[in-house]
1. Give the residue, chosen from A:GLN200, A:GLN99, A:GLN129, that is surrounded by fewer than 17 Cβ atoms within 10 Å (Cβ to Cβ) and without any contact (Cβ under 8 Å) to a residue 40 or more places away in the chain.
2. From A:THR31, A:THR115, A:THR39, which residue is assigned to a strand (DSSP E or B) and either touching a Lys or Arg at 6+ places or on another chain (Cβ under 7 Å) or of a type in the set (A, V, I, L, M) (or both)?
3. Kindly indicate whether A:TYR405 is without any contact (Cβ under 8 Å) to a residue 40 or more places away in the chain and aromatic (Phe, Trp, Tyr).
4. Filter segment B:267-296 for residues that are modelled with pLDDT under 95 and assigned to a loop (DSSP other than H, G, I, E, B) and give the result.
5. Output the residue which, of all residues in segment B:349-368 that are hydrophobic (A, V, I, L, M, F, W, C) and touching a strand residue (DSSP E or B) at 6+ places or on another chain (Cβ under 6 Å), is nearest to A:PRO302 (Cα to Cα).
6. Restricting to segment B:388-403, and then to whatever is in contact with a strand residue (DSSP E or B) (Cβ under 8 Å, 6 or more places away or on another chain) and surrounded by 21 or more Cβ atoms within 10 Å (Cβ to Cβ), can you tell me which residue is nearest to the other protein chains (Cβ to nearest Cβ)?
7. Answer yes or no: is there a residue in segment B:143-151 that is assigned to a loop (DSSP other than H, G, I, E, B) and without any contact (Cβ under 8 Å) to a residue 40 or more places away in the chain.
8. Filtering segment B:129-184 down to residues that are at pLDDT below 95 and basic (Lys, Arg), which residue is nearest to B:PHE248 (Cα to Cα)?
There are 2 protein chains.
Amino acid sequence: MKTCEQWKVYEFTLNGPTSGNPFTDVTLFATFFFNNHTTRVRGFYDGNGQYKVRFMPEEIGKWTVTTDSNVSELNHQTDEFECTPAEKGNHGPVRVAGQTHFAYADGTPYMPFGTTAYAWCFQSPETQQQTLQTLKENKFNKIRMLIFPKSYSYNTAQPKMYPYEGAPKKVSDTFDSTTWMLKPEDIGFDFSKFIPEYFQHLEKQIQALDNLGVEADLILFHPYDSWGFARMGKKFDQLYLQYVIARFASLKNVWWALSNEYDLMALVGQKPLEAWDFIGKTVQREDPSAHLVSIHNFYDPPQHKDTTKNWYDQTKPWITHLSIQTDNVFLVPKWLDEYDKPIVVDECRYEGNIEFGFGDNTAEGMMDNFYRIVLRGGYATHGETYIDKPNTKRPIWWAHGGKLYGESQKRINYFKQLLEDNGFNYVIPMATEGGHWELAVGESPNGQKAIVYFGENQPEFELLDFLDDDATYTAQLIDTWNMTIKDFPEEINNKDYFHLPRKNYQALLLTRK
Amino acid sequence: MKTCEQWKVYEFTLNGPTSGNPFTDVTLFATFFFNNHTTRVRGFYDGNGQYKVRFMPEEIGKWTVTTDSNVSELNHQTDEFECTPAEKGNHGPVRVAGQTHFAYADGTPYMPFGTTAYAWCFQSPETQQQTLQTLKENKFNKIRMLIFPKSYSYNTAQPKMYPYEGAPKKVSDTFDSTTWMLKPEDIGFDFSKFIPEYFQHLEKQIQALDNLGVEADLILFHPYDSWGFARMGKKFDQLYLQYVIARFASLKNVWWALSNEYDLMALVGQKPLEAWDFIGKTVQREDPSAHLVSIHNFYDPPQHKDTTKNWYDQTKPWITHLSIQTDNVFLVPKWLDEYDKPIVVDECRYEGNIEFGFGDNTAEGMMDNFYRIVLRGGYATHGETYIDKPNTKRPIWWAHGGKLYGESQKRINYFKQLLEDNGFNYVIPMATEGGHWELAVGESPNGQKAIVYFGENQPEFELLDFLDDDATYTAQLIDTWNMTIKDFPEEINNKDYFHLPRKNYQALLLTRK
């Protein structure tokens, strides 16, 4: 019998018609049977007369498969396979655990330490290889990346391949308010005809990420568009979602990010705000494997009076976690309280030297946000925007992947290692009164360890009155920037002052006696 | 005829009864006539049988005065005086100008560059003298200070004098919900009997501040109380307000801060939230000179879900400007838009090394907040919290005044001078998209100059796309920390990139060609 390792890709390939438009003329589903439960999964056309159904089995044992289709040669086809136990290093997909944290399906802890390389899959083979190499050399375990190509500052070249048959046309700034679609005269691509090779390539790279232990946070729609992919209309949005989910949902490291800056897409006339409920529900319905789902903002509500600039309603059931753009990272505890979902600050300013505020942070600032966010119970995402000159041709990590030129990634690696070495499967934020100017303090799940991060706070005579009344701790003083750790001469409790050197970016690792 | 310089103190002294309780038994008012308008002003008992009415005349010319009282010897007394033009250096009281800024009554620009020394008037004569000397050596032109003594960390000693007759008792944590007053058995002071010398001393020091050009931002109530002055109840609150306003309102440099951390007073059971409307209206009614009025928060609303932690309704007509505690200084433009009143961030973290988050900022951080706030159209207030050891006896500026040990005040002086030298009578914030991570950019009223502050943003290849389309600027590069300014080799416009060194705390002073 065929076998398929738990949480890996089972694939059932069938030959079918090549005439007409196989992407729209043919419907194909397969129902997967295991004991007393069934899952119905959409198939897809992969070109060259081949139709496929993919599935990520989660239960060990014998599965049977039966297809149904509007085409007789694809209808009532059957298969069976044995799902074998996950092998070493295969922990399954990441899911929400403990309301506000994550774990792999097998229970292994997972703390996202993400990075961002939006259009890495559309660069030269050398740059793509370099991106994978850079990921291998660092401890990032999630990457934010686009499915559609990107047109934005520093990334305006045409991609080598398009997702659809056709050719670019100048795209207008409006859409039809009923269909959400651009005007007929602006349509250069046939949104009913996918180019399978485009998606095969993405699959290969998502798989390559999985081999490195990196989750692929796939952005389904985004506003950086000069081809019309952001204005395909409701009907073709649905077709697109069905296609990419049928193709990708069996890959265990996939996360669905409905959109980057969904509110910017409304602002620039690409897609109305009401689109996202339809898109979110479609993703939820189409995905048989219940991958993580988020929607990412452009506007940062605290700074706007205008309630139309509030976030999307993050309490919707199809949103598994918050994917936030902000550097108001002191608000993480408030959001945890408000939403009771994991908080991932996916854009908190990138280390770099470009002209945009989102991309001119120092390495220190990027590192600082990781400590402040993670020790308050959230998760942070890295990005790097270094250029060597204006209008550079050198790949920029945030857009193209390639190499990292910065300094923050080393400190982020160090921080992740520090957490792992000290039993922080996740971080329990320790309440400190107040907000922005307060220390970020996180405790390990077993309560034996705590990390007190001082950042740019420079108390010289310090008192940690939020510690337990009866607890005494030994301590190690960490210079997070220089990545040194040394025994601290004083014991720490919640009553006695201790002396700290006055410098930036220090932390104390406390161990309960 | 008696004369009184415009905006200085006219005082009419009368002898009256010493028997009974002159503070409550005797009512005294005087009506001031000038041409066709009249102002009725409350008098006060100053001890030793002396009753006084004070007034700050604003109109040049002849004034006449007639008293009315429930005591015959104080009733129907008359006086007259000539109000003479203000002399050099006398610009009158500060008032709101242009909706969101300030100016002296004679139109001279005033930008508050404040500092904080809450209990400086209750320290040794040497420390008080030192405080005035420190103010003289720096460019601060406003000081936040308490009328009642203070009991809080680092400031727990009894004051040399009390405002009332009596002696301290241990004060309970509750008040009567109808009268807002502490329980009879906890009352150690007679809130109907003021000690005039206590208030005479404050007057002398307010006058000393005026001589230095420093506005006295007088905090009428505050929660750092171990005597019951925070729980005197509605009746004695009113008596207190009548007394201090009668005494101080004629001093041109007085501002009324209804409370420090009014919401903390509610939280700790000193005064209910509804008290402040009564107090605010009382101040407005009692003050014949319409001094500035504010109310200062403890909670910072963006970080709380709980709407009971929102600010006091700052749209109330008796609030002339916002006095805010926050270091979310990126919100200044939002608040300007929302309230259309001046925004003074009176507590944005002090430079210091103590154990509290509000008092462990670096000098760089304190300076940085001044640039970020002022260039966004608001105003900032300094404070310093350096100690030499735990439980120090050395005066701490924020609490006691004395000396400054820090480094930020020099940079704040430099910034104020920079604004004055370049025609910034006030700052017009230049809109830049976004918030916290954006540059702070302010333009001079005549549009000829602009200051672009980079702070910790480190763009290396920068483009200022928010400048006017047709404008070209020459520039000077300022190192705000090292207080150097030098010609910048490139001209600046809104289309061309220019190169910046990568370091913290830089600014560009732009001059329109």
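1. It is A:GLN129.
2. A:THR31
3. yes
4. Of everything in segment B:267-296, those that are modelled with pLDDT under 95 and assigned to a loop (DSSP other than H, G, I, E, B) turn out to be B:VAL268, B:GLY269, B:GLN270, B:LYS271, B:PRO272, B:LEU273, B:GLU274.
5. Step by step, filter segment B:349-368, then rank; the result is B:MET366.
6. Only one residue fits best here, namely B:ILE396.
7. no
8. B:LYS160
The values are calculated or read from the model by the stated rules, or taken from the named source; none is laboratory data. None of these values were measured; they are calculated from a predicted model. Ideal geometry is used to build each Cβ from the backbone, glycine not excepted, and the neighbour counts take in all protein chains shown.
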